[in-house]
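Written out below as structure tokens is the structure these notes cover.
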Amino acid sequence: MLRAVIFDFGGVISMPQDRVMLQEWARVHADLSDTEIREGYAAYRPGFDGGDYSGVEMYRRILTALGKPYTEALLEELERRDMESWSVPNPETLAWAKELKAEGFKVGILTNMPLSFLPWFDRAASAFRALADAEVISAAVRLVKPQPEIYRLMLSRLDVRPEEAIFFDDMPANVEGARAVGLHSERFTSVAEAKAAVARLRDGRED
């Protein structure tokens with residue numbers, strides 16, 4: 001029986017990343033293309049989200065690896081814009097979470113997030129955090145998705161078994177990581193699609 005619904009933050013509880021805020025600005029002011037940012041994220045974002053180093057250091061490593069010049073002021077502005085670009089809440093997700101709570105489901109938040117983002121997180125998700133039964137923030141526990149231990153910690157905090165929960169994330173690798181520990185998991189594309197996935201499980205159907 002399904003007892004819990006677990007949500008990622010970026011692109012799920014929040015709207016997708018604001019490209020004007022980060023990528024377009026970085027292309028003009030830091031000579032960083034979309035591909036370079038994406039590949040830089042793949043190489044260095046886990047350390048940032050896991051609490052190993054700051055966003056300034058992440059961007060320093062990205063630019064250094066590419067042989068591009070930078071100033072400390074540029075690194076600080078890239079970090080600030082990175083934080084800001086994820087800070088617009090998705091009202092549909094919040095409304096659905098309230099419905100789930102009213103129906104008796106447990107609600108969890110499982111996110112890869114640096115501690116420096118917490119002020120933006122609280123601004124964008126304060127209402128969601130208030131209704132959540134448990135949350136796991138990667139940098140606070142020094143684990144990152146898709147490491148299996150972070151999913152197990154989330155399940156422990158919610159006090160549910162893997163088969164009793166479904167996890168929504170916008171990143172395929174994190175969905176696969178959840179499935180590997182026995183969770184139901186789907187890539188988040190819209191609240192409507194997520195609702196349909198929950199309905200299938202409640203009806204005993206797994207497409």
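Below is a table of values for the structure above.
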| read-out | value |
| --- | --- |
| Distance from the stretch 110-139 to the stretch 47-85 (C-alpha centre basis), Å | 21 Å |
| Other-chain or far-sequence residues with amide H under 5 Å of residue 161's (modelled H) | none |
| Pairwise label distance in nanometres, residue 141 with residue 17, each label 7 Å out on the Cα-Cβ vector | 2.3 nm |
| Taking the convex hull of Cα positions in the chain, its mean projected area over all directions (nm²) | 10.9 nm² |
| Angle in degrees between helix 55-66 and the longest Cα principal axis of the chain, rounded to the nearest 10 | 60 degrees |
| Under 5 Å, built H, 5+ apart or other chain: amide partners of residue 167 | 6, 184, 185, 186 |
| Rounded to 5, the percent of DSSP beta bridges in the stretch 5-137 classed as antiparallel | 10 percent |
| Whether the stretch 20-84 is rounded, prolate or oblate, judged on the alpha carbon gyration tensor where a/c under 1.5 counts as rounded | rounded |
| Crossing angle, helix 34-49 versus the chain [Cα axis fit, 0-90 degrees, rounded to tens] | 70 degrees |
| Length-normalised contact order for the stretch 146-189 - Cα pairs under 8 Å, 6+ apart - percent | 43 percent |
| Within the stretch 157-196: backbone nitrogen closer than 12 Å to the residue 133 label point (7 Å, Cα to C-beta) | 157-162, 164-166 |
| Lys/Arg +1, Asp/Glu -1 at C-beta; the stretch 20-84 dipole; positive extreme among 40, 75, 54 | 40 |
| Residue 1 paired with residue 68, simple spin-label distance in nm, labels 7 Å along Cα-to-beta-carbon | 5.3 nm |
| All-pairs alpha carbon distance profile, the stretch 111-207, 5 Å steps from 0, percent | 2, 12, 20, 24, 23, 12, 4, 1, 0 |
| Cα-centre dipole for the chain with unit charges at Cβ (Lys and Arg positive, Asp and Glu negative), debye to 20 | 400 debye |
| Qualifying trypsin sites (Lys or Arg not before Pro) for the stretch 1-103 [loop in DSSP, other Cβ within 10 Å: at most 16] | 3, 19 |
| Size of charge dipole - the stretch 20-84 - debye, nearest 20, with Cβ of Lys, Arg +1 and Asp, Glu -1, no other charges | 140 debye |
| The chain: angle of helix 191-202 to the longest principal axis, Cα-based, in degrees nearest 10 | 40 degrees |
| Anisotropy class of the stretch 94-153 from Cα gyration tensor, a/c 1.5 cut | oblate |
| Placed amide H near residue 14: partners under 5 Å, 5+ positions off or other chain | 90 |
| Efficiency of FRET from Cβ geometry, residue 53 and residue 203, R₀ 45 Å, rounded to 0.05 | 0.50 |
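Throughout, read-outs are computed from the coordinates displayed, never taken from laboratory work. Predicted, not measured: the structure shown is a model, and the values here were computed from it. No Cβ is skipped: glycine too gets one built from the backbone with ideal geometry, and neighbour counts run over all protein chains shown.
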